[in-house]
Amino acid sequence: MYHFVLKRILRSAFAKINRGEYESIVNQFALVFEHTFYGEHALGGTRTTPESNRRWYQRLAKIFPDLHFTITTIDVSGWPWNTTASVEWKDRFSGPDGTIHNNQACMCSDLNGAE
C-alpha cells in the first residue's frame, strides 16, 4: 500500500508541473535536501534551500512554458524508513524558435525518514 501511495504522489507531482503549478512542487521538498540539474546552462547547478529551489522552478517555467512530461515508469522499493524511488519520463517542449524538442530522462531519490 505504501508503494502505491508514493507512486500516486509522484504522478501527481508531475501532473502539477504539467499544469504549471510549480509552487506546490516546491512546498513538497523537505527542509533539508539537494536538488541538482547537471550542465553549465540556465538550469544547471545545485540548490539546497527552498528559496533557491523556488527560483529554479520559476526559471524552468519561464524558459519552457509548454514543458510537458509523460511518465513511462515509476519504481518504488524499500520500507518507509529506507525508500528508493525512481521515475523515468519523456518530455516535450518548444525551443525559442518554436521548434519542438523531445527528451527522455530519469531521476532516482533515496527518501529516507528521520533516523
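The values are calculated or read from the model by the stated rules, or taken from the named source; none is laboratory data. Just so it is clear, the model here is predicted, and its values are computed rather than measured. Reconstructed Cβ throughout: ideal geometry from the backbone, glycine too, with neighbour counts over all protein chains shown.
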Worksheet entry | Residue tally, condition within 21 Å of residue 15 (Cα to Cα), touching a Leu at 6+ places or on another chain (Cβ under 9 Å) and not β-branched (Val, Ile, Thr), over the stretch 65-84 | 1
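Which of the residues spanning the stretch 28-49 are assigned to a loop (DSSP other than H, G, I, E, B) and at pLDDT 80 or above?
33, 34, 38, 39, 40, 41, 42, 43, 44, 48, 49 - these are the residues of the stretch 28-49 that are assigned to a loop (DSSP other than H, G, I, E, B) and at pLDDT 80 or above.
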Worksheet item: Are there any pairs, at least 6 apart or on different chains, whose C-beta atoms fall under 8 Å, with the first in the stretch 71-99 and at positive phi and the second in a strand (DSSP E or B) and exposed (fewer than 14 other Cβ atoms within 10 Å of the Cβ), and if so, which?
Response: 78/84
Worksheet item: When residue 52 is evaluated against the numbered criteria (1) outside any loop (DSSP other than H, G, I, E, B); (2) touching a Gly at 6+ places or on another chain (Cβ under 7 Å), which criterion, by number, is the only one it fails?
Response: (2)
Worksheet, complete the sentence: Selection over the stretch 17-36 where residues are over 10 Å from the mean Cα position of the chain (by Cα) and free of Cβ contacts under 8 Å to residues at least 24 places away in the same chain yields a count of 11
Worksheet entry | Residues of the stretch 55-81 that turn out to be part of a helix (DSSP H, G or I) and out of contact with any Lys or Arg (no Cβ under 6 Å at 6 or more places or on another chain), as a count | 8
Worksheet, complete the sentence: The one condition residue 66 fails out of (1) in contact with a strand residue (DSSP E or B) (Cβ under 6 Å, 6 or more places away or on another chain); (2) surrounded by 13 or more Cβ atoms within 10 Å (Cβ to Cβ) is (2)
